Amino acid sequence: MIIVAGHLIVHPADRESYLAECATVVRLARAAPGCHDFAISADLVDPSRVSVYERWESTAAVEAFRDGGPSGEQRAAIRSASVIEFDIADMRTLSG
């Protein structure tokens, strides 16, 4: 299991348009083989922060989907990023 988690920093005035541009990516990721969850969302307290969370079956599934990462426009909007990929060996369900 692969978890990708972290956050991006964008200009507060650009965050809503950045998130709107990400909607297609989220839909495509959720339909991609090996994707268990994928979310890009606005932080509740920091107007410049965008949270990233992905859960994939394998590294191969992540790499097959990612194919180069964000578009040029999205990349230009990102002021900084802190996103980490974790390879999880074991897990337990806490609910549902």
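Answer with one residue from Phe65, Phe86, Ser51: the one whose Cα lies farthest towards the positive end of the charge dipole of the chain, charges on Cβ with Lys, Arg +1 and Asp, Glu -1. Farthest towards the positive end: Ser51.
Multiplying the residue separation of Ala39 and Ser58 by 0.36 nm and removing their Cα-Cα distance gives an extension gain of 5.1 nm. Applying a DSSP loop filter and a limit of 14 other Cβ atoms within 10 Å to the GluC sites (Glu not before Pro) in the range 1-88 leaves Glu57.
Label positions at Glu73 and Ile88, each projected 7 Å from the Cα along the C-beta direction, are separated by 3.3 nm. For the chain, the Cβ-based charge dipole about the Cα centre amounts to some 120 debye (Lys, Arg positive; Asp, Glu negative; other atoms uncharged). For trypsin sites (Lys or Arg not before Pro), the sites in the chain that DSSP calls loop and that have at most 10 other Cβ atoms within 10 Å are Arg92. Over the Cα atoms of the range 2-87, the radius of gyration divided by the Kirkwood radius equals 0.95; this is the Rg/Rh ratio. Model label points for Asp46 and Ala31, set 7 angstrom from Cα along the Cα-to-Cβ axis, are 3.3 nm apart.
Laboratory data are not the source of any read-out in this text; all were calculated from the coordinates shown. Only a predicted model underlies this, so the values are computations on that prediction, with no experimental measurement involved. Reconstructed Cβ throughout: ideal geometry from the backbone, glycine too, with neighbour counts over all protein chains shown.
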